[in-house]
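One structure is given below, encoded as C-alpha coordinates.
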Amino acid sequence: MKKTVFFGALTVAGLAAGVAAAGTLDDVKARGKLNCGVTTGLVGFAAPDANGNWDGFDVGVCRAVAAAVLGDPQAVEFVPTTGKTRFTALASGEIDMLARNTTWTFSRDVDLKFEFVGINYYDGQGFMVPKDLGVSSAKELDGATVCIQTGTTTELNLADFFRANGISYEPVPIETNAEAQQQYLAGACDVYTTDASGLAATRAAFEDPAGHVLLPEIISKEPLGPLVRHGDNEWGDVVRWTLNALIAAEELGVTSANIGEMSAAAGNNPEINRLMGTEGNLGEMLGLDADWAVKAISAGGNYGEIFEKNIGENTPVGLARGLNAQWTDGGLLYAPPFR
(Lines give C-alpha, C1' and ligand atoms only; values in the text may rest on other atoms or scores of the structure.)
Protein backbone atom coordinates (compact mmCIF):
# COMPACT_ATOMS: atom_id res chain seq x y z
CA MET A 1 0.00 0.00 0.00
CA LYS A 2 2.71 2.49 0.97
CA LYS A 3 4.76 1.66 -2.13
CA THR A 4 1.75 2.24 -4.36
CA VAL A 5 1.12 5.66 -2.84
CA PHE A 6 4.82 6.55 -3.05
CA PHE A 7 5.21 5.63 -6.71
CA GLY A 8 1.89 7.29 -7.50
CA ALA A 9 3.22 10.52 -6.02
CA LEU A 10 6.44 10.16 -8.02
CA THR A 11 4.44 9.69 -11.22
CA VAL A 12 2.31 12.78 -10.67
CA ALA A 13 5.34 14.87 -9.67
CA GLY A 14 7.28 13.68 -12.72
CA LEU A 15 4.43 14.56 -15.05
CA ALA A 16 4.08 17.99 -13.49
CA ALA A 17 7.79 18.72 -13.85
CA GLY A 18 7.78 17.77 -17.52
CA VAL A 19 4.71 19.76 -18.49
CA ALA A 20 5.71 22.85 -16.50
CA ALA A 21 8.74 23.29 -18.76
CA ALA A 22 6.34 24.68 -21.35
CA GLY A 23 4.69 28.10 -20.88
CA THR A 24 1.02 27.61 -20.01
CA LEU A 25 0.13 31.27 -20.58
CA ASP A 26 1.39 31.08 -24.17
CA ASP A 27 -0.39 27.75 -24.65
CA VAL A 28 -3.72 29.15 -23.45
CA LYS A 29 -3.40 32.21 -25.68
CA ALA A 30 -2.51 30.09 -28.71
CA ARG A 31 -5.34 27.62 -28.02
CA GLY A 32 -7.87 30.38 -27.49
CA LYS A 33 -9.46 28.69 -24.49
CA LEU A 34 -8.70 27.74 -20.91
CA ASN A 35 -8.90 24.10 -19.85
CA CYS A 36 -10.13 24.23 -16.26
CA GLY A 37 -10.50 21.16 -14.04
CA VAL A 38 -13.61 21.16 -11.85
CA THR A 39 -15.65 18.69 -9.82
CA THR A 40 -17.96 16.23 -11.54
CA GLY A 41 -20.90 18.20 -10.18
CA LEU A 42 -21.53 19.97 -6.88
CA VAL A 43 -24.46 22.39 -6.58
CA GLY A 44 -23.29 25.96 -6.06
CA PHE A 45 -19.62 25.20 -6.71
CA ALA A 46 -19.45 23.62 -10.15
CA ALA A 47 -22.27 21.94 -12.04
CA PRO A 48 -23.65 21.98 -15.59
CA ASP A 49 -27.26 22.94 -16.29
CA ALA A 50 -29.61 21.06 -18.63
CA ASN A 51 -27.90 22.69 -21.61
CA GLY A 52 -24.42 21.78 -20.45
CA ASN A 53 -23.52 25.30 -19.33
CA TRP A 54 -21.35 25.27 -16.20
CA ASP A 55 -21.95 27.60 -13.29
CA GLY A 56 -20.86 27.90 -9.68
CA PHE A 57 -18.42 29.43 -7.22
CA ASP A 58 -15.35 27.57 -8.55
CA VAL A 59 -16.56 28.01 -12.12
CA GLY A 60 -16.51 31.75 -11.47
CA VAL A 61 -12.75 31.61 -10.83
CA CYS A 62 -12.18 29.74 -14.09
CA ARG A 63 -14.22 32.27 -16.04
CA ALA A 64 -12.39 35.19 -14.42
CA VAL A 65 -9.02 33.74 -15.49
CA ALA A 66 -10.30 33.16 -19.03
CA ALA A 67 -11.54 36.74 -19.17
CA ALA A 68 -8.24 38.13 -17.86
CA VAL A 69 -6.16 36.15 -20.37
CA LEU A 70 -8.44 35.85 -23.41
CA GLY A 71 -10.97 38.62 -22.89
CA ASP A 72 -13.82 36.10 -22.94
CA PRO A 73 -15.27 34.43 -19.82
CA GLN A 74 -16.95 31.85 -22.04
CA ALA A 75 -13.64 30.66 -23.52
CA VAL A 76 -13.36 27.79 -21.03
CA GLU A 77 -13.41 24.04 -21.49
CA PHE A 78 -14.58 22.57 -18.18
CA VAL A 79 -13.03 19.18 -17.46
CA PRO A 80 -14.82 17.16 -14.75
CA THR A 81 -12.41 15.39 -12.39
CA THR A 82 -12.76 13.11 -9.37
CA GLY A 83 -10.72 13.06 -6.19
CA LYS A 84 -8.56 10.40 -7.83
CA THR A 85 -8.15 11.87 -11.33
CA ARG A 86 -7.76 15.59 -10.61
CA PHE A 87 -4.02 15.63 -9.87
CA THR A 88 -3.05 13.45 -12.83
CA ALA A 89 -5.14 15.68 -15.11
CA LEU A 90 -3.23 18.75 -13.90
CA ALA A 91 0.20 17.12 -13.87
CA SER A 92 -0.19 15.72 -17.39
CA GLY A 93 -1.23 19.04 -18.89
CA GLU A 94 -4.77 17.92 -19.70
CA ILE A 95 -5.93 20.96 -17.72
CA ASP A 96 -4.25 24.34 -17.23
CA MET A 97 -5.55 24.88 -13.71
CA LEU A 98 -7.64 23.07 -11.12
CA ALA A 99 -10.51 24.85 -9.36
CA ARG A 100 -12.15 21.94 -7.59
CA ASN A 101 -12.66 22.51 -3.85
CA THR A 102 -9.15 21.14 -3.31
CA THR A 103 -7.39 21.43 0.06
CA TRP A 104 -3.97 23.06 0.20
CA THR A 105 -1.67 20.65 2.06
CA PHE A 106 2.08 20.29 2.53
CA SER A 107 2.37 17.07 0.52
CA ARG A 108 0.28 18.30 -2.40
CA ASP A 109 2.35 21.46 -2.59
CA VAL A 110 5.81 19.98 -2.01
CA ASP A 111 5.66 16.30 -2.96
CA LEU A 112 3.17 16.38 -5.85
CA LYS A 113 4.77 19.58 -7.21
CA PHE A 114 1.67 21.78 -7.39
CA GLU A 115 1.39 25.49 -6.73
CA PHE A 116 -1.65 26.59 -4.74
CA VAL A 117 -2.15 30.18 -5.83
CA GLY A 118 -4.39 31.22 -2.96
CA ILE A 119 -7.44 30.32 -0.91
CA ASN A 120 -10.91 31.03 -2.24
CA TYR A 121 -12.80 29.21 0.53
CA TYR A 122 -11.81 28.52 4.13
CA ASP A 123 -13.54 25.28 5.05
CA GLY A 124 -13.44 22.34 7.45
CA GLN A 125 -14.61 18.74 7.39
CA GLY A 126 -18.04 17.99 8.79
CA PHE A 127 -20.68 15.26 9.02
CA MET A 128 -24.21 14.95 7.66
CA VAL A 129 -26.77 12.45 8.99
CA PRO A 130 -30.49 11.83 8.52
CA LYS A 131 -32.45 13.69 11.17
CA ASP A 132 -34.27 10.51 12.17
CA LEU A 133 -30.96 8.90 13.13
CA GLY A 134 -31.33 10.90 16.34
CA VAL A 135 -27.67 11.89 16.55
CA SER A 136 -26.58 15.35 17.73
CA SER A 137 -22.80 14.90 17.82
CA ALA A 138 -20.20 13.11 15.71
CA LYS A 139 -18.93 11.53 18.93
CA GLU A 140 -22.15 9.49 18.98
CA LEU A 141 -21.31 7.74 15.69
CA ASP A 142 -19.59 4.67 17.15
CA GLY A 143 -20.05 1.75 14.73
CA ALA A 144 -21.55 3.91 11.98
CA THR A 145 -21.08 3.30 8.27
CA VAL A 146 -19.55 6.40 6.66
CA CYS A 147 -19.60 7.38 2.98
CA ILE A 148 -16.25 8.96 2.12
CA GLN A 149 -14.64 10.04 -1.14
CA THR A 150 -11.41 8.27 -1.96
CA GLY A 151 -8.27 10.23 -2.80
CA THR A 152 -9.16 13.08 -0.46
CA THR A 153 -7.91 14.55 2.80
CA THR A 154 -11.17 13.48 4.45
CA GLU A 155 -10.03 9.85 4.62
CA LEU A 156 -7.17 10.56 7.01
CA ASN A 157 -9.12 13.17 8.95
CA LEU A 158 -11.92 10.68 9.53
CA ALA A 159 -9.56 7.97 10.77
CA ASP A 160 -7.82 10.44 13.09
CA PHE A 161 -11.09 11.73 14.56
CA PHE A 162 -12.56 8.31 15.32
CA ARG A 163 -9.28 7.03 16.74
CA ALA A 164 -8.84 10.09 18.98
CA ASN A 165 -12.36 9.62 20.35
CA GLY A 166 -12.06 5.86 20.85
CA ILE A 167 -14.88 4.98 18.48
CA SER A 168 -15.07 2.82 15.36
CA TYR A 169 -16.63 3.14 11.91
CA GLU A 170 -17.02 1.22 8.68
CA PRO A 171 -15.98 3.16 5.57
CA VAL A 172 -18.09 3.06 2.40
CA PRO A 173 -15.70 4.26 -0.35
CA ILE A 174 -17.17 6.41 -3.13
CA GLU A 175 -15.53 8.33 -5.99
CA THR A 176 -17.87 11.22 -6.77
CA ASN A 177 -20.30 13.44 -4.90
CA ALA A 178 -23.15 12.08 -7.06
CA GLU A 179 -22.29 8.54 -5.98
CA ALA A 180 -22.06 9.65 -2.34
CA GLN A 181 -25.48 11.28 -2.55
CA GLN A 182 -26.98 8.16 -4.11
CA GLN A 183 -25.44 5.80 -1.55
CA TYR A 184 -26.31 8.01 1.40
CA LEU A 185 -29.95 8.45 0.37
CA ALA A 186 -30.24 4.73 -0.33
CA GLY A 187 -29.15 3.99 3.24
CA ALA A 188 -25.86 2.35 2.26
CA CYS A 189 -24.19 4.56 4.88
CA ASP A 190 -25.39 6.26 8.05
CA VAL A 191 -23.17 9.31 7.58
CA TYR A 192 -21.66 11.33 4.76
CA THR A 193 -18.48 13.24 5.54
CA THR A 194 -16.68 15.81 3.42
CA ASP A 195 -16.00 19.56 3.55
CA ALA A 196 -18.84 21.33 5.34
CA SER A 197 -19.50 23.51 2.29
CA GLY A 198 -19.82 20.38 0.16
CA LEU A 199 -22.28 18.88 2.64
CA ALA A 200 -24.42 22.03 2.49
CA ALA A 201 -24.34 21.95 -1.31
CA THR A 202 -25.23 18.25 -1.39
CA ARG A 203 -28.11 18.70 1.07
CA ALA A 204 -29.46 21.58 -1.03
CA ALA A 205 -30.03 19.12 -3.90
CA PHE A 206 -32.13 16.71 -1.79
CA GLU A 207 -35.91 16.53 -2.20
CA ASP A 208 -36.20 17.01 1.58
CA PRO A 209 -33.17 18.99 2.78
CA ALA A 210 -34.79 19.50 6.20
CA GLY A 211 -34.68 15.76 6.79
CA HIS A 212 -30.89 15.90 7.14
CA VAL A 213 -28.68 17.71 9.62
CA LEU A 214 -25.06 18.85 9.68
CA LEU A 215 -23.49 17.88 12.98
CA PRO A 216 -21.69 20.65 14.92
CA GLU A 217 -18.17 19.19 14.81
CA ILE A 218 -15.70 20.61 12.32
CA ILE A 219 -12.74 18.25 12.57
CA SER A 220 -10.13 19.81 10.28
CA LYS A 221 -8.84 22.87 8.49
CA GLU A 222 -9.58 22.71 4.77
CA PRO A 223 -8.20 25.77 2.95
CA LEU A 224 -9.59 25.33 -0.56
CA GLY A 225 -8.17 27.04 -3.59
CA PRO A 226 -7.12 26.88 -7.24
CA LEU A 227 -3.79 25.32 -8.18
CA VAL A 228 -1.37 25.05 -11.09
CA ARG A 229 1.81 23.11 -11.77
CA HIS A 230 5.14 23.91 -10.14
CA GLY A 231 7.77 25.48 -12.35
CA ASP A 232 5.54 27.75 -14.45
CA ASN A 233 5.69 30.88 -12.33
CA GLU A 234 4.33 33.23 -14.98
CA TRP A 235 1.12 31.24 -15.26
CA GLY A 236 0.91 30.87 -11.49
CA ASP A 237 1.11 34.65 -11.19
CA VAL A 238 -1.77 35.11 -13.64
CA VAL A 239 -4.11 32.77 -11.76
CA ARG A 240 -2.99 34.05 -8.33
CA TRP A 241 -3.49 37.71 -9.12
CA THR A 242 -6.78 37.10 -10.89
CA LEU A 243 -8.10 35.59 -7.66
CA ASN A 244 -6.57 38.48 -5.71
CA ALA A 245 -8.24 40.95 -8.07
CA LEU A 246 -11.67 39.49 -7.26
CA ILE A 247 -10.97 39.70 -3.53
CA ALA A 248 -9.48 43.19 -3.69
CA ALA A 249 -12.34 44.46 -5.83
CA GLU A 250 -14.85 43.60 -3.09
CA GLU A 251 -12.75 45.35 -0.45
CA LEU A 252 -12.35 48.43 -2.64
CA GLY A 253 -16.04 48.61 -3.57
CA VAL A 254 -15.56 47.70 -7.23
CA THR A 255 -18.59 45.74 -8.47
CA SER A 256 -20.02 44.46 -11.74
CA ALA A 257 -22.46 47.38 -11.58
CA ASN A 258 -19.92 50.21 -11.24
CA ILE A 259 -16.81 48.81 -12.89
CA GLY A 260 -17.56 50.50 -16.21
CA GLU A 261 -17.60 53.88 -14.55
CA MET A 262 -14.61 53.18 -12.30
CA SER A 263 -12.43 51.95 -15.17
CA ALA A 264 -13.34 54.73 -17.58
CA ALA A 265 -10.83 57.18 -16.10
CA ALA A 266 -8.39 57.41 -13.20
CA GLY A 267 -10.01 58.39 -9.92
CA ASN A 268 -8.76 59.51 -6.52
CA ASN A 269 -7.82 56.04 -5.19
CA PRO A 270 -4.41 54.98 -6.57
CA GLU A 271 -4.92 51.29 -5.78
CA ILE A 272 -8.24 51.20 -7.64
CA ASN A 273 -6.54 52.95 -10.54
CA ARG A 274 -3.78 50.33 -10.62
CA LEU A 275 -6.37 47.54 -10.40
CA MET A 276 -8.36 49.08 -13.26
CA GLY A 277 -5.23 49.58 -15.36
CA THR A 278 -5.69 53.35 -15.65
CA GLU A 279 -2.44 53.85 -13.75
CA GLY A 280 0.80 51.87 -13.67
CA ASN A 281 1.72 48.81 -15.74
CA LEU A 282 0.57 45.78 -13.75
CA GLY A 283 -0.98 44.13 -16.80
CA GLU A 284 2.28 44.39 -18.69
CA MET A 285 4.10 42.72 -15.81
CA LEU A 286 1.74 39.73 -16.15
CA GLY A 287 1.96 39.60 -19.93
CA LEU A 288 -1.68 40.70 -20.17
CA ASP A 289 -3.62 43.75 -21.31
CA ALA A 290 -3.78 46.79 -19.03
CA ASP A 291 -7.47 46.10 -18.29
CA TRP A 292 -6.99 42.40 -17.44
CA ALA A 293 -8.51 42.83 -13.96
CA VAL A 294 -11.46 44.80 -15.33
CA LYS A 295 -12.22 41.87 -17.63
CA ALA A 296 -11.82 39.36 -14.78
CA ILE A 297 -14.16 41.27 -12.44
CA SER A 298 -16.68 41.93 -15.22
CA ALA A 299 -16.95 38.19 -15.90
CA GLY A 300 -19.03 37.48 -12.81
CA GLY A 301 -18.48 40.29 -10.34
CA ASN A 302 -16.11 40.59 -7.40
CA TYR A 303 -15.51 37.81 -4.85
CA GLY A 304 -18.53 38.76 -2.76
CA GLU A 305 -20.84 38.84 -5.77
CA ILE A 306 -19.67 35.40 -6.92
CA PHE A 307 -20.12 34.06 -3.38
CA GLU A 308 -23.61 35.46 -2.86
CA LYS A 309 -24.86 34.39 -6.31
CA ASN A 310 -23.74 30.78 -6.01
CA ILE A 311 -23.49 29.70 -2.36
CA GLY A 312 -24.61 32.64 -0.21
CA GLU A 313 -27.33 32.72 2.42
CA ASN A 314 -30.05 33.49 -0.13
CA THR A 315 -29.24 30.43 -2.27
CA PRO A 316 -30.30 26.81 -1.65
CA VAL A 317 -26.75 26.10 -0.39
CA GLY A 318 -27.23 28.85 2.21
CA LEU A 319 -23.67 29.49 3.41
CA ALA A 320 -22.83 32.49 5.60
CA ARG A 321 -19.59 34.31 4.84
CA GLY A 322 -18.04 33.38 8.20
CA LEU A 323 -14.28 32.98 7.80
CA ASN A 324 -14.70 33.92 4.15
CA ALA A 325 -15.64 37.49 4.94
CA GLN A 326 -13.20 40.29 4.18
CA TRP A 327 -10.57 40.97 6.84
CA THR A 328 -12.27 44.31 7.40
CA ASP A 329 -15.42 42.40 8.42
CA GLY A 330 -13.74 39.92 10.76
CA GLY A 331 -12.98 37.28 8.15
CA LEU A 332 -9.75 35.89 6.71
CA LEU A 333 -9.94 37.25 3.14
CA TYR A 334 -7.00 39.49 2.44
CA ALA A 335 -5.52 40.38 -0.94
CA PRO A 336 -1.91 41.66 -1.07
CA PRO A 337 -1.49 45.25 -2.31
CA PHE A 338 -1.76 46.04 -6.02
CA ARG A 339 1.34 48.14 -6.40
Matching residues, segment 130-144, being surrounded by fewer than 16 Cβ atoms within 10 Å (Cβ to Cβ) and either free of Cβ contacts under 8 Å to residues at least 24 places away in the same chain or in a strand (DSSP E or B) (or both) | Gly134, Glu140
Scope segment 329-339; condition over 13 Å from Ala249 (Cα atoms) and outside any loop (DSSP other than H, G, I, E, B); matching residues = Asp329
Only one of these is assigned by the TED database to the domain that holds Tyr184, polar (S, T, N, Q) and either modelled with pLDDT of 95 or more or buried (at least 16 other Cβ atoms within 10 Å of the Cβ) (or both): Asn101, Asn157. Name it.
-> Asn157
Given (1) open to solvent by less than 40 Å² (accessible area, probe 1.4 Å); (2) under 23 Å from Tyr122 (Cβ atoms), where does Pro73 come up short, assuming only one miss?
-> (2)
Listing of helices (runs of 4 or more DSSP H) fully contained in segment 193-293 that carry 1 or more residues being within 23 Å of Val38 (Cβ to Cβ) = 196-204, 233-252
Here is a list of conditions, (1) assigned by the TED database to the domain that holds Gly83; (2) farther than 30 Å from Ile247 by Cβ, and Pro171 meets all of them except one; can you say which number that is?
-> (1)
Just a yes or no: is a residue in segment 242-258 in contact (Cβ under 8 Å) with a residue 60 or more places away in the chain, closer than 30 Å to Ala164 by Cβ and surrounded by fewer than 19 Cβ atoms within 10 Å (Cβ to Cβ)?
-> no
Test: residue in segment 316-325 that is in contact with a strand residue (DSSP E or B) (Cβ under 8 Å, 6 or more places away or on another chain) and either basic (Lys, Arg) or not in a helix (DSSP H, G or I) (or both) | yes
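Are any residues in segment 294-308 outside any loop (DSSP other than H, G, I, E, B) and either among the small types (Gly, Ala, Ser) or surrounded by fewer than 18 Cβ atoms within 10 Å (Cβ to Cβ) (or both), and if so, which ones?
Passing the criteria: Ala296, Ser298, Ala299, Gly300, Gly304, Glu308.
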Residues in segment 177-186: is at least one farther than 13 Å from Met128 by Cβ, free of Cβ contacts under 8 Å to residues at least 60 places away in the same chain and of a type in the set (S, T, N, Q)?
-> yes
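Rundown of residues vs (1) open to solvent by 10 Å² or more (accessible area, probe 1.4 Å); (2) among the small types (Gly, Ala, Ser); (3) part of a loop (DSSP other than H, G, I, E, B), yes/no style:
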| site | (1), (2), (3) |
| --- | --- |
| Asn35 | yes, no, no |
| Gly52 | yes, yes, yes |
| Lys84 | yes, no, yes |
| Ala91 | no, yes, no |
| Glu115 | yes, no, no |
Please work out which one of (1) open to solvent by 50 Å² or more (accessible area, probe 1.4 Å); (2) under 26 Å from Gly37 (Cα atoms); (3) at pLDDT 95 or above; (4) not basic (Lys, Arg) is the condition Val172 fails and give its number.
-> (1)
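The values are calculated or read from the model by the stated rules, or taken from the named source; none is laboratory data. Note that the structure is a prediction, hence the values are computed from the model and not measured. Methodologically, a virtual Cβ is constructed for each residue, glycine included, from the backbone with ideal geometry; neighbour enumeration extends over all protein chains shown. Surface accessibility is based on the protein's heavy atoms, side chains included, excluding ligands, DNA and RNA. Shrake-Rupley method; radii C 1.70, N 1.55, O 1.52, S 1.80 Å.
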